[in-house]
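A quick write-up on the structure given underneath.
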Amino acid sequence: MKKRALIFGICGQDGVYLAKLLRDQGYEVHGTSRDKEMANMAGLRLMGVYDDVTVHSAALLDFRSVLQVIDDVRPDEIYNLAGQSSVGLSFAQPVETFEGIILGTLNILECIRFLKLPARFYNATSGEVFGNTEAPADETTPFRPRSPYGVAKSTAFWTVANYRESYGIFACSGILFNHESPLRPSRFVTQKIVRGAVDIAEKRAEKLTLGNLDVSRDWGWAPDYVDAMARMLKRDEPDDYVVATGKSNTLTGFVDAVFGCLGMNSSTYVETTPDLMRPTDIRVSVGDPAKAKAKLNWSADTTMPKLINKLVDAELARRRAT
Ligand code: NDP
């Protein structure tokens, strides 16, 4: 019998890469979108998995639809990758962010509990829960989130831990630091920089306007990170793991490297505006993936500067193909 996986948020960046990984591992893969008729399936098509997955309509905040899809699919593994995923947008839409992330996670856990389903559950938490990290954050580092998104992810983390302890559900949280790919939309700064720099190189734009460049982030490659998720659900015991490269790079350095890849000097083209600054920001974000290395035998394969070369090459290839 094939193992069956259900991915909430299968059309998002991580959902697409995870669907591909699990399909390649021999799983029967199901996934959800809030409205499958309106869903953006471009990522699934691009990665060649569209024909191999079954997409269902389910809204995390609609308990009945979550119950229905879990009961219909009866999955061995459930991955929750759905929800508002932008830190910046969470300042403008805090209620949407809280409801989707906190109640959405709770709805899935309640369904597993109600159906007495022996499914294993992965929940997507974020390095944003730590706030500023003076030293690389590990699974014992206290949470000090600095955005509505980070607060919501912190609450979801403790909800998962509570259901694991209270009801014996095999539930894991992955505390993932930033991970990028060509499937990221331009609202995320890394893709905004890559696409903006290529626009300038191709003479379609003259300037790139950004917000706070004085931050450092721990950036990895999304396909590596979904591999860590799948490994968590294959362990004997459920647990929580930090997934990161262990190295932080400045956003200024990221910008310089992208422009450098394209033979340009960023200082000629990049401007900043306070309009794009967040009410509170994390200055330095970096994770310590030692536990993931020890228990999951996982480490990030693609790190900087290789990551930047891959993002720029993918954008150039995408434009050549269209
Ligand atoms: P995406 O934004 O690419 O995908 C999330 C999916 O959730 C979307 O495709 C969308 O699917 C659905 N969605 C979007 N907004 C809402 C909403 N308001 N309410 C309910 N569903 C919504 O995210 P990623 O794939 O990048 O990330 C997956 C998970 O991992 C998310 O929970 C994210 O917060 C978390 N995470 C991501 C990190 C990263 O660097 N990428 C870092 C740490 C954590 P549809 O429109 O089809 O319904």
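From the phi of every residue in segment 85-90, what ³J(HN,Hα) in whole Hz does the Karplus formula 6.51 cos²θ - 1.76 cosθ + 1.60 yield, where θ is phi - 60° and glycine or proline is x?
Computed from phi, the couplings for segment 85-90 are 10, 9, 4, x, 5, 5 Hz.
What whole-number value in Å² describes the accessible area per residue of segment 176-297 for a 1.4 Å probe? Walk me through the numbers on the way to the answer.
Working: 5430 Å² over 122 residues.
Ligands and nucleic acids excluded, the figure is 45 Å² per residue.
Please list, ordered by chain and number, the residues whose modelled amide H lies under 5 Å from the amide H of HIS56; skip anything fewer than 5 residues away on the same chain.
Here the answer is GLY31, THR32, SER33, since their amide H atoms fall under 5 Å of that of HIS56.
Relative to the longest principal Cα axis of the chain, at what angle does helix 251-261 sit, 0 to 90 degrees, rounded to 10?
Tilt of helix 251-261: around 70 degrees.
If ligands, DNA and RNA are left out, what is the accessible area of ASP227 with a 1.4 Å probe, given in Å² to the nearest 10?
Only protein atoms counted, so the area is about 40 Å².
Quick one: work out the % antiparallel among DSSP beta bridges in the chain, nearest 5.
On the way: 2 of 36 bridges.
If we restrict to bridges inside the chain, about 5 percent are antiparallel.
Relative to the longest principal axis of the chain, what angle (0 to 90°, nearest 10) does the C-alpha long axis of helix 13-24 take?
60
From the protein chains alone at 1.4 Å, what is the descending order of accessible area for LYS293, LYS247, largest first? Please list the in-between numbers first.
Working: LYS293 105, LYS247 135 Å².
Descending accessible area places them as LYS247, LYS293.
I'd like the Karplus ³J(HN,Hα) series for segment 200-206: coefficients 6.51, -1.76, 1.60, θ = phi - 60°, whole numbers in Hz, and an x wherever there's a Gly or Pro.
5, 4, 8, 6, 8, 8, 10
Hey, can you grab everything whose amide H is under 5 Å from the amide H of VAL215? Only 5+ residues off in sequence or another chain; H modelled, so Pro and N-termini drop out.
Those qualifying (amide H under 5 Å, at least 5 residues apart or on another chain) are LEU251, THR252.
Between ASP138 and residues 5 or more places away or on another chain, which pairs have amide H atoms under 5 Å apart, with H built 1.01 Å from N, and which residues are they?
Long-range HN contacts for ASP138: ASP288.
Convert each backbone phi in segment 262-273 into a coupling constant with the Karplus relation 6.51 cos²θ - 1.76 cosθ + 1.60 (shift: θ = phi - 60°), then list the ³J(HN,Hα) values in order as whole Hz, x for Gly and Pro.
Using θ = phi - 60°, the values come out as 9, x, 10, 9, 4, 4, 6, 10, 9, 10, 10, 9 Hz.
Rounded to the nearest 500, what is the 222 nm mean residue ellipticity of the chain from helices alone, with -39500 (n - 2.57) per DSSP H run of 4+ residues and division by all residues? Let's see the in-between values first.
On the way: 13 runs with 133 residues, N = 322.
Rounded to the nearest 500, it is -12000 deg cm²/dmol.
Filter LYS3/LYS234; LYS247/LYS293; LYS203/LYS310 down to the pairs with a C-alpha to C-alpha distance above 18 Å, please. Before the final figure, lay out each step's value.
Details: LYS3/LYS234 12 Å; LYS247/LYS293 15 Å; LYS203/LYS310 22 Å.
As for pairs spanning more than 18 Å Cα to Cα, those are LYS203/LYS310.
Rank TYR50, TYR27 by accessible area, highest first, at a 1.4 Å probe radius? Working shown, then result.
Values: TYR50 85, TYR27 15 Å².
Order by accessible area, largest first: TYR50, TYR27.
What translational D, rounded to a whole number of µm²/s, comes out for segment 122-183 from Stokes-Einstein when the hydrodynamic radius is the Kirkwood one over Cα pairs, at 37 °C and 0.692 mPa s?
Working: Rh = 12.4 Å.
For the chosen part, D equals 265 µm²/s.
For the chain, take the longest principal axis of its alpha carbons; what is the angle in degrees between that and the long axis of helix 148-167, to the nearest 10 within 0 to 90?
20
If DNA, RNA and ligands are ignored and the probe is 1.4 Å, what is the ranking of SER267, SER90 by accessible area, most exposed first?
Values: SER267 90, SER90 0 Å².
Reading off the accessible areas and sorting them downward yields SER267, SER90.
Roughly how much of LYS306 is accessible, in Å² to the nearest 10, using a 1.4 Å probe?
100
I need the fraction of alpha carbon pairs in the chain separated by more than 28 Å, rounded to a whole percent.
On the way: 20131 of 51681 pairs.
Everything past 28 Å amounts to 39 percent.
The values are calculated or read from the model by the stated rules, or taken from the named source; none is laboratory data. All values reported here derive from a predicted model rather than from experimental measurement. In case anyone asks, the SASA skips ligands and DNA or RNA and just uses the protein heavy atoms, side chains included. Shrake-Rupley method; radii C 1.70, N 1.55, O 1.52, S 1.80 Å.
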